[in-house]
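Step one of this worksheet: look at the structure below.
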Amino acid sequence: MRPLLVVLRRFLREKRLAMVLGFLLAALTAIAGVALLSLSGWFITATAFAGMTTATALAFDVFAPSAGIRFLALFRTAARYGERIVTHDATLSVLAGMRETLFRTFATARSARALTLRPARLLFRLTLDVDALDGLYLRLLVPAGVALASALFAVLSLAFIDGRVALAVGLFPVLLGFGIAAIAALKAEKPARMRAAALEAVRGRVIDMIAGATDLLMAGRLETSRANVEAAETRLAETDDRLNRIETMAGFGLAALAPVVGGCLLVALALLVETDVIGVPIAAFALLLALAAIEPFTALKRGALEAGRILAAARRIAPRLEESPQETAIAAPPPGLALLAENIVVRHPGASRPALSGLSLEIPAGEIVALTGPSGAGKSTLMALFSGEIEAETGRFAAQPASLLTQHVELFADTLAGNLRLAKPQATEAELWAALEAAGLAETVKALPQGLETWLGEGGSGLSGGERRRLSLARLLLTDAALLLLDEPTEALDAETARDIVARLAAARGGRTILIATHSLREVEISDRILVVDNGQLRGNFNCMESAFTEVASGLRKR
C-alpha cells in the first residue's frame with residue numbers, strides 16, 4: 001500500500017483544496033439526488049391523498065414542496081457540473097506534474113542511458129501508468145466517499161421515522177456494497193496486472209515491428225515479429241474477457257442491492273403504516289430515499305476492476321516520484337586540466353569483467369585529443385564515464401562540464417530552432433544562425449521556405465544524413481560546456497562531408513577541449529594528442545611531436 005500512499009500524498013500536496021472541494025461537490029450532488037427523489041415521491045403521494053377530500057385539498061400547501069423540488073433539481077445540476085470541472089481539473093493537473101517529474105528523472109544521464117536499451121519503457125510510464133493513476137481519485141476515492149455520504153444521509157433522514165429501519169438501511173448497503181467491491185477487486189487484481197502487461201507488450205512489439213520493419217524484412221523475421229504481436233493481442237483479449245466476466249458479476253451483485261433492500265424495507269414500512277406509526281406519503285418518502293441512497297454504490301464497480309491496474313502503476317511510478325531528478329555532480333579537475341582519471345575501474349551491470357581496468361590519464365585544457373583503439377576496447381565506456389552517464393567502481397575522476405555527441409544523431413519532431421534550443425533554451429536567433437554557420441548548415445537552412453521554423457519529422461526526417469550530423473554539431477557548439485566529447489562524429493558520412501565537419505569543428509571550438517573517440521584518420525589529423533586504449537587500459541599517450549604519433553596515424557590510414 002505504500003506506493004498508493006506516495007501517489008496520494010502527491011495528489012494532496014499539489015491539489016488538496018481542489019480535491020476536497022471536488023469530493024464535497026460530488027457528495028452534495030448525490031445527496032441532492034437522494035433528496036430530490038424522496039421529496040418528489042412524498043409530494044406526489046401526499047398530493048394524491050390530499051385530493052381525496054375538498055378540505056384537505058384546500059389546506060394542502062403545494063408551493064413549498066414544489067419550490068424545494070425545483071431548488072434540488074437546479075442545485076444537483078450545478079453541483080454535478082462543478083464537480084466534473086473541479087475533480088477532473090485537479091486530477092489532470094496532478095498527472096501533468098507527475099509526467100514532468102518522471103520525464104526529469106528519466107532525463108538524467110544514467111537513466112537516459114538505461115532507457116536507450118528499452119526506449120518504449122519511458123513512453124509506457126508517461127502514458128499508460130500515469131493515465132491509470134487518475135482512477136485513484138476519480139474511480140476509487142470519490143465514489144467510495146460519495147457512497148458513504150449518501151448512506152449516512154439516508155441514516156440521518158430515516159432516523160426521524162424509525163431508528164431500526166435507519167440503521168438497517170445504512171449498514172446493509174455499506175457492508176454488502178463494499179464487500180462485493182472488495183471481492184471484485186481481489187478477483188480482478190491479477191487479470192488487471194496481466195492486462196496492463198499485455199497492453200504494454202502489444203504496444204512495444206508494434207513499435208519495434210514498425211521501427212525495424214526494414215531490418216526484420218531483410219533478416220526474414222517480419223512474419224515472426226507479426227506473430228509475436230498477435231500473441232500479445234491474444235493475451236490481451238483473454239484478460240479483457242476475464243475482467244468482463246468479473247465486471248458482469250460485480251455489476252449484478254451491486255444492482256441487486258436496490259431490490260433486496262427495497263423489498264425488505266417495503267415490508268418494514270408496510271408494518272409501520274399498518275400500525276399507524278407513519279402515513280403512506282412518509283412511507284413513499286422513506287422507500288424512495290433508501291433506493292436513491294443505494295444508487296451511488298453501483299459506481300464502486302469500475303474502481304474495483306481498476307484497483308489492480310492502479311496499484312501496479314503506483315508500484316512502478318512511486319519510486320521515481322520520490323527521487324530527486326538531479327544529475328550526479330562531477331568534481332572539477334585541477335587548474336590547467338580538462339580531465340583527470342586515476343586508477344579507474346568501470347564495470348557494466350552484469351558483466352563478469354570490467355570494461356575499464358586501472359586506467360589513468362590527464363588531458364590539458366584546450367587540447368584536441370583523439371581517443372582510438374580497436375572496437376570494444378572501452379572508448380565509448382570512457383565517453384560515458386566522462387559525461388556522467390555511468391559511475392566508476394573505483395578510482396578518482398574529475399572533469400570540466402562536458403557535452404556528449406553520440407554516434408547516433410538524436411533529433412526530434414520539432415522545428416530546426418526547437419532542436420537547436422535543446423542545447424541552449426535562451427539562445428537568440430543570431431546565436432542559432434552563428435551555430436549553423438559554424439557547422440556549415442546556414443546556407444541550406446536559409447534556402448528553406450520557413451528557415452529556422454522548418455518542421456522536422458521524427459529523427460530529423462526531412463534532412464539528409466550529413467545535414468542531420470551538421471545540425472547536431474551546431475547544437476553541440478551552442479552549449480556552454482568546456483569539454484566536448486564526440487563519439488565517432490563522422491561515422492557513416494562520405495569523406496568530403498566528414499572532412500568539412502571535422503575542419504569546422506576545429507575552427508569553431510573557441511578554445512574548448514575536445515575528446516574524439518574515432519577510428520578515422522580525419523579526426524586524428526586535427527588532434528594535438530592521441531590516446532590509444534586497448535582491453536580497457538591506456539596503451540599509448542602521444543602528442544603530435546612524437547614519432548609514435550605518426551606511426552599511429554599511419555596505422556589508421558591503412559585501415
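Along segment 16-27, what does the Karplus equation 6.51 cos²θ - 1.76 cosθ + 1.60 (θ = phi - 60°) give for ³J(HN,Hα), rounded to whole Hz, x for Gly and Pro?
Calculated HN-Hα couplings, in order: 4, 5, 5, 5, 5, 4, x, 5, 4, 5, 5, 5 Hz.
For segment 363-418 and segment 247-271, what is the centre-to-centre distance using only Cα atoms, to the nearest Å?
Answer, in whole Å: 69.
Can you list the lysines whose alpha carbon sits under 25 Å from that of K190, skipping same-chain ones fewer than 8 residues off?
K301
List every residue whose amide H lies under 5 Å from the amide H of L371, counting only residues 5 or more places away in sequence or on a different chain, with H placed 1.01 Å from N in the peptide plane.
I516, A517, T518, L531
List the residues, sorted by chain then number, that are 5 or more residues from S360 or on another chain and whose placed amide H is less than 5 Å from its amide H.
When sequence neighbours closer than 5 places are left aside, the close amide H contacts are N343, I344, L538.
On the Cα set of segment 337-558, report Rg and Dmax in Å, please.
Cα radius of gyration and Dmax of segment 337-558 are 17.8, 55 Å respectively.
For a quick size check, give me the Cα extents of segment 372-425 along its three principal axes, largest first, whole Å.
42, 25, 16
Tell me which residues come under 5 Å, amide H to amide H, from D534 once H is placed; ignore anything under 5 positions away on its chain.
Here the answer is R539, since their amide H atoms fall under 5 Å of that of D534.
So for each of 23-35, 242-254 I average, over its residues, the number of other beta carbons within 10 Å; can you give me the resulting order with the highest mean first?
Working: 23-35: 21.9, 242-254: 16.7.
By packing density, highest mean first, the sequence is 23-35, 242-254.
For the chain, with equal point scatterers placed on the C-alpha atoms only and solvent neglected, what are the log10 I(q)/I(0) values from the Debye formula at q = 0.08, 0.12 1/Å, to two decimals?
Computed log10 I(q)/I(0) values: -0.74, -1.19.
Beyond 16 Å, how much of the Cα-Cα pair distribution for segment 436-515 remains, as a whole percent?
51
Give the aspartates and glutamates whose C-alpha is closer than 16 Å to that of K187, dropping any in the same chain fewer than 8 places away, or say none.
Cross-link targets: E238, D240, D241, E247, E306.
Whole-Hz ³J(HN,Hα) for each residue in segment 397-410, computed from phi via Karplus 6.51 cos²θ - 1.76 cosθ + 1.60 with θ = phi - 60°, x for glycine and proline: what do you get?
Once rounded to whole Hz, the list reads 9, 8, 7, 5, x, 10, 10, 10, 9, 7, 5, 9, 6, 9.
Convert each backbone phi in segment 373-386 into a coupling constant with the Karplus relation 6.51 cos²θ - 1.76 cosθ + 1.60 (shift: θ = phi - 60°), then list the ³J(HN,Hα) values in order as whole Hz, x for Gly and Pro.
x, x, 4, x, 6, x, 5, 5, 5, 4, 4, 5, 5, 5
By what distance, in whole Å, do the Cα atoms of segment 2-322 stretch along each of the three principal axes, largest value first?
Taking the Cα atoms of segment 2-322, the three principal extents are 94, 37, 31 Å.
Treating only the Cβ atoms of Lys and Arg (+1) and Asp and Glu (-1) as charged, compute the dipole magnitude of the chain about its Cα centre; round to the nearest 20 debye.
Values: 57 positive and 55 negative charges, 200 e Å.
About 960 debye.
Readers should treat all values here as calculations from the given coordinates under stated rules, not as data from a laboratory. Keep in mind that this is a model prediction, so the values were computed, not measured. Cβ sites come from the backbone with ideal geometry, for glycine too, and all protein chains shown count toward neighbours.
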